[in-house]
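Enquirer: Quick one: this structure, given as structure tokens, is what I'll be asking you about.
The values are calculated or read from the model by the stated rules, or taken from the named source; none is laboratory data. The shown structure was predicted, so the numbers you read here are calculated from the model rather than taken from an experiment. Backbone-built Cβ (ideal geometry, glycine too); neighbour counts: all protein chains shown. Remember, those area values only see protein heavy atoms, side chains included, never the ligands or the DNA or RNA. Shrake-Rupley method; radii C 1.70, N 1.55, O 1.52, S 1.80 Å.
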Amino acid sequence: MQTKYDVIIIGGGPAGYSAATYCARAALSTLVLESYAPGGQMSTTDIIDNYPGFADGVGGYDLAMEMHKQSVRFGAVSTFDKVIFVDFAAQPKKVATQSGVIYEAGAVIVATGSSPKELGLDKEKALRGRGVSYCATCDGNFYRGKTVIIVGGGDTAAADAVLLSKICKKVYLVHRRDTLRATKAYLKPLESSKNVEFIWNSAVQNILGSEKVTGAELRNLKTGEVKTLTCDGIFAAIGNIPNTELFRDKMELDAKGYIIADEDTHTSVPGVFVAGDVRAKPLRQIVTAVSDGAVASLMVEEYLTAQQN
């Protein structure tokens, strides 16, 4: 079994497979290590409506498999094994997996993505993609002319409310406190939106619906009063968790745990690059992840060439 490669890519989402395709086409021996299945979060999304080139949308799993097959066609090796340890100080760099294999490579691309914080409610997982969403930019268009609930009080929730107020019939913004934590830039458009209603000091305690979301039970955290709202969708906007636990003492992270890198995807460690949602940046979408992967592959090629000279 081959264990030495020019480049190892940790993570098999859109960033990882984009990087793999470009690296393999550049004649670099390329290994993709993905914990479970191709696509990461993308594969759990029923329909992706905003990825260029698919006028009628595309299934997340279908797009993931196509990206995987494309990278393999150019020669990338894709292995499903969980990474449990990395040594980026070593040369070549070492990546150990749960199965006990230690891989080596001259360069590494980290593309482990991030995971949305869940509300922790019954039916949440079962109704994900059927009324429960974590990305208004991704899924908002499915709720055009409909009623939605947004849960959260930070910049993400406020930005989602502004976006959805332009296309939805009614937007309820549910927050545990009596004021938003969002920056003031969002307050004026929200306060002037006639179809946005704030529900303060409250939390969603139950999601209603069997095949799809039909509503939610809200509990007032001060009075204990419970009321039911009818809605078509629930957007959880309480933050994301970058998948960087492996790298906390290996490279520079920001206060939220995202990997700090320049626009050329260089991290604080020479020979280690980052692509996709795990990188500190303003927009996290499939299209930006794919772009990161392409840039990272070029930086890897330049780095390895320089190392040989």
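Enquirer: Give me the percent of DSSP beta bridges within segment 1-125 that run antiparallel, rounded to the nearest 5. Present the calculation step by step, with values, prior to reporting the outcome.
Expert: Details: 9 of 23 bridges.
For segment 1-125, the DSSP antiparallel bridge percentage is about 40.
Enquirer: A follow-up question, please. For Asp264 paired with Asp155, estimate the spin-label separation in nm (one decimal), with each label point 7 Å from Cα along the Cα-to-Cβ line.
Expert: Output for this residue pair reads 2.6 nm.
Enquirer: Then there's this: Sort by residue number and name the cysteines in the chain that have no neighbouring cysteine Cβ under 4.7 Å.
Expert: Cys23, Cys168, Cys231
Enquirer: Which number comes out as Rg/Rh for segment 1-109 once both Rg and the Kirkwood Rh are worked out on C-alpha atoms? Don't skip to the end; give the middle numbers.
Expert: Details: Rg = 14.4 Å, Rh = 14.2 Å.
A ratio of 1.02.
Enquirer: Sorted by mean Cβ packing within 10 Å, highest first, what order do the peptides 154-160, 195-201, 12-18 take? Walk me through the numbers on the way to the answer.
Expert: Details: 154-160: 21.7, 195-201: 16.0, 12-18: 31.9.
Final packing ranking: 12-18, 154-160, 195-201.
Enquirer: Can you classify segment 134-231 as rounded, prolate or oblate using the Cα gyration tensor, where a ≥ b ≥ c are the square roots of its eigenvalues, rounded means a/c under 1.5, and otherwise it's prolate if a/b beats b/c and oblate if not?
Expert: On the way: a/c = 1.85, a/b = 1.08, b/c = 1.71.
It is oblate, given that a/c is not under 1.5 and a/b is not larger than b/c.
Enquirer: Under a 1.4 Å probe, what is the accessible area of segment 243-309 per residue, stated in Å²? Please list the in-between numbers first.
Expert: Details: 3330 Å² over 67 residues.
Counting only protein heavy atoms, the per-residue value for segment 243-309 is 50 Å².
Enquirer: Ratio of alpha-carbon Rg to the 2.2 N^0.38 Å globular estimate for segment 88-130, to two decimals, please.
Expert: Numbers: Rg = 17.7 Å, N = 43, 2.2 N^0.38 = 9.2 Å.
So the Cα radius of gyration is 1.93 times the expected 2.2 N^0.38 Å.
Enquirer: What do you get for Rg/Rh over the chain if you use C-alpha atoms and the Kirkwood form of Rh?
Expert: Working: Rg = 21.2 Å, Rh = 20.6 Å.
Ratio of gyration radius to Kirkwood radius: 1.03.
Enquirer: Also, I was wondering about something else. Evaluate the distance, in nm, between pseudo-label points positioned 7 Å from the Cα of Ala90 and of Leu221 along their respective Cα→Cβ axes.
Expert: Going by the 7 Å Cα→Cβ label model, 4.6 nm.
Enquirer: Find the all-direction average of the projected area of the Cα convex hull for segment 31-185, expressing the result in square nanometres with one decimal place. Don't skip to the answer; put the middle values down first.
Expert: On the way: hull surface 51.7 nm².
Averaging across all directions leaves 12.9 nm² for the Cα convex hull.
Enquirer: Roughly how tilted is helix 155-165, in degrees to the nearest 10 and between 0 and 90, from the longest Cα axis of the chain?
Expert: Roughly 60 degrees between the two axes.
Enquirer: Add -39500 (n - 2.57) for each DSSP H run of 4 or more in the chain, then divide by its residues: what number comes out at 222 nm, to the nearest 500 deg cm²/dmol?
Expert: Values: 6 runs with 70 residues, N = 309.
Result for the chain, helices only: -7000 deg cm²/dmol.
Enquirer: Which Rg and Dmax, in Å, describe the Cα atoms of segment 1-44?
Expert: Values for segment 1-44 (Cα only, Rg and Dmax): 10.7, 31 Å.
Enquirer: Still on this structure: Given a Förster distance of 30 Å, report the FRET efficiency between Lys188 and Ser35 from their Cβ-Cβ distance, rounded to the nearest 0.05.
Expert: Values: r = 43 Å, r/R0 = 1.44.
The computed FRET efficiency comes out at 0.10.
Enquirer: Let me ask something else. First measure r as the distance between the Cβ atoms of Thr3 and Ala280, then evaluate 1/(1 + (r/R0)^6) with R0 = 25 Å and state the FRET efficiency to the nearest 0.05.
Expert: Details: r = 31 Å, r/R0 = 1.25.
So, using R0 = 25 Å, E works out to roughly 0.20.
Enquirer: Taking every DSSP beta bridge with both residues inside the chain, roughly what % is antiparallel (nearest 5)?
Expert: If I count the DSSP bridges inside the chain, around 40 percent turn out antiparallel.
Enquirer: Simple spin-label model, 7 Å along Cα-to-Cβ: Glu302 to Thr230 in nm?
Expert: Going by the 7 Å Cα→Cβ label model, 5.8 nm.
Enquirer: Next question. Extent of segment 252-309 along each principal axis, from alpha carbon coordinates, in Å, largest to smallest?
Expert: Per principal axis, max minus min of the Cα coordinates gives 37, 25, 11 Å.
Enquirer: Using 29 Å as the Cα-Cα cut-off, could you pick out the over-long pairs in Lys82/Lys125; Lys123/Lys170; Lys123/Lys281?
Expert: Numbers: Lys82/Lys125 23 Å; Lys123/Lys170 23 Å; Lys123/Lys281 31 Å.
Correct reply: Lys123/Lys281.
Enquirer: What is the P(r) of segment 66-107, as percent of Cα-Cα pairs per 10 Å bin from 0?
Expert: 27, 39, 32, 2
Enquirer: What FRET efficiency, computed as 1/(1 + (r/R0)^6) with R0 = 25 Å and r the Cβ-Cβ distance, is obtained for Arg144 and Gln205, rounded to the nearest 0.05?
Expert: E between Arg144 and Gln205, to the nearest 0.05, is 0.35.
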